[in-house]
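Readers should treat all values here as calculations from the given coordinates under stated rules, not as data from a laboratory. All of these numbers come straight from a predicted model, not from anything done at the bench. Cβ: placed from backbone, ideal geometry, glycine included. Neighbour counts: every protein chain shown.
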Ligand code: ADP
């Protein structure tokens with residue numbers, strides 16, 4: 001209590017009052033030689049205290065705790081103190097209320113969408129932008145399941161999978177022409193905060209870039225085919241003794257083949273970026289596919305006399321797009337061959353566990369400085385440019401692998417040390433394992 005001295009004084013007065021009452025009553029009792037004056041005195045005190053108690057109760061149950069009833073002594077002190085306490089609580093509540101109102105005003109002023117959903121996926125709160133971009137209605141949608149209001153299949157999958165490391169882009173439910181980027185953050189016990197923003201402009205720019213690359217690559221295909229055709233004809237017709245001309249033509253032929261590989265990889269990448277991921281999904285017999293790849297890899301550089309071990313269960317199956325899987329695995333295996341010197345050992349290993357299926361391609365080749373690993377899947381990123389001329393790669397192989405893995409809800413893990421080999425592992429989620437007999441694609 002703030003004023004213990006005041007409280008003590010009131011308590012003292014009240015005790016005095018009782019003592020005086022009892023003393024006077026006892027004196028009268030002695031004078032009259034009867035107990036009744038004392039009984040009457042005490043009864044009066046009890047009646048007065050009970051009335052005070054009722055008055056206190058009536059005051060407490062009132063909505064507003066202002067203007068306490070008149071009272072004296074300890075009771076008066078009670079009222080004053082209770083009134084102070086109520087005033088303090090009212091001020092704290094008003095403060096809290098104004099903080100909440102300001103927070104709501106600022107969240108409502110945001111251009112970005114803010115939505116709160118509870119652990120069962122029901123809408124708890126949203127700001128004005130959510131009304132504009134997602135079409136939520138203040139009067140009807142509170143407490144509705146979020147998936148009833150945002151029905152895009154990609155959003156439902158995203159919520160079900162619960163992996164929110166990457167944002168999701170979907171068309172706005174109120175306007176197909178607008179693209180929203182959603183981010184989900186979990187907090188509390190299963191509650192979720194959804195932030196969304198309009199990324200239509202960035203999306204269009206990105207789409208223009210993709211279309212441009214796809215169109216240029218496509219347009220380059222025909223002139224390249226013509227050039228290659230003429231080069232082959234010339235190489236067939238130019239006599240052996242014209243060595244300088246033959247050397248020039250051979251180099252032109254090699255470079256045109258490189259350009260063709262580049263165009264093919266660019267086209268494949270734009271296909272991976274521009275098409276929906278769920279096309280042509282089937283149970284792929286991985287063993288047969290990897291066995292064929294192993295044979296092609298051995299034929300790639302027979303002079304290196306490398307060993308390629310295959311440790312893949314014969315019944316390994318994966319729900320996947322076989323052509324995309326072949327591109328991804330093919331790139332990893334070809335890289336292992338390219339970046340492993342003669343007599344090196346490459347091991348292709350497939351295994352399954354509770355987390356899903358995993359394919360690792362490990363080699364004991366030249367390895368990569370770990371500092372470069374985070375950027376390795378970027379297009380044309382090469383840790384060492386001198387390797388380009390030696391290996392003739394397109395610089396797009398790992399970007400393709402990364403995209404294929406994203407489209408299969410998996411991820412690519414890279415471990416390597418300079419000089420002591422590399423290990424590229426593709427992790428696929430358990431949902432891609434084949435649990436019941438399905439028609440098989442051998443890839
Ligand atoms: P590239 O056509 O250059 O091989 P990739 O995207 O396939 O393009 O690979 C990018 C770079 O990663 C390569 O240039 C190479 O430096 C490095 N790299 C990829 N695989 C391996 C490997 N198995 N061992 C060593 N370095 C590798």
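If Rh is defined by the Kirkwood formula over all Cα pairs and Rg also comes from Cα, what ratio Rg/Rh do you get for segment 57-144? Rg divided by Rh gives 1.28. Shown is the FRET efficiency for residue 144 and residue 21, computed with R0 = 45 Å from the Cβ-Cβ distance and rounded to the nearest 0.05: 0.10.
At R0 = 41 Å, how high is the FRET efficiency between residue 72 and residue 33 if r is their beta carbon distance? Nearest 0.05 is fine.
0.80
Rounded, prolate or oblate for segment 99-141? Axes are the square roots of the Cα gyration tensor eigenvalues, ordered a ≥ b ≥ c, and the cut-off for rounded is a/c under 1.5. It comes out oblate by the Cα gyration axes.
With contacts defined as alpha carbon pairs under 8 Å and 6 or more residues apart, what's the relative contact order of segment 203-274 in percent? Display every interim value, and only then the final one.
Numbers: 36 pairs, mean separation 36.1, N = 72.
After rounding, I find 50 percent.
Let me know the whole percent of all Cα-Cα pairs from segment 282-432 that are separated by more than 17 Å. The answer is 60 percent, as a whole percent. Label separation (residue 99 vs residue 40): 6.0 nm, computed from points 7 Å beyond Cα along the C-beta direction. Set the Förster distance to 56 Å, then compute FRET efficiency between residue 193 and residue 315 from the Cβ-Cβ distance, nearest 0.05. Efficiency at R0 = 56 Å is approximately 0.80.
The value of relative contact order for the chain, using C-alpha pairs under 8 Å at least six residues apart, is 10 percent.
Note on the chain: Cα-Cα pairs beyond 41 Å make up 49% of the total pair count.
From helices alone, the chain scores -18000 deg cm²/dmol at 222 nm; the rule is -39500 (n - 2.57) for each run of n ≥ 4 DSSP H residues, then divide by the residue total. Multiplying each eigenvalue of the alpha-carbon gyration tensor of segment 1-105 by 5 and taking the square root yields semi-axes of 43, 15, 6 Å, largest first, rounded to whole angstroms.
Note on residue 299 and residue 175: the extension gain reaches 39.3 nm, defined as 0.36 nm multiplied by sequence separation minus the Cα-Cα distance. For segment 327-379, the square roots of the Cα gyration tensor eigenvalues, ordered a ≥ b ≥ c, give a/c of at least 1.5 with a/b no greater than b/c, which places it in the oblate category.
Of the listed peptides 204-217, 236-249, what is their order by residue-averaged count of other C-beta atoms within 10 Å, with the highest listed first? Let's see the in-between values first.
Working: 204-217: 13.1, 236-249: 10.5.
Top of the packing list down: 204-217, 236-249.
Taking 15 Å as the cut-off, the amide N atoms of segment 38-76 that come nearer than this to a point 7 Å along the Cα-to-beta-carbon line of residue 87 belong to 65-69. Can you give me the Cα centroid spacing of segment 25-81 and segment 204-235 in angstrom? Between the Cα centres of segment 25-81 and segment 204-235 lies a distance of 102 Å.
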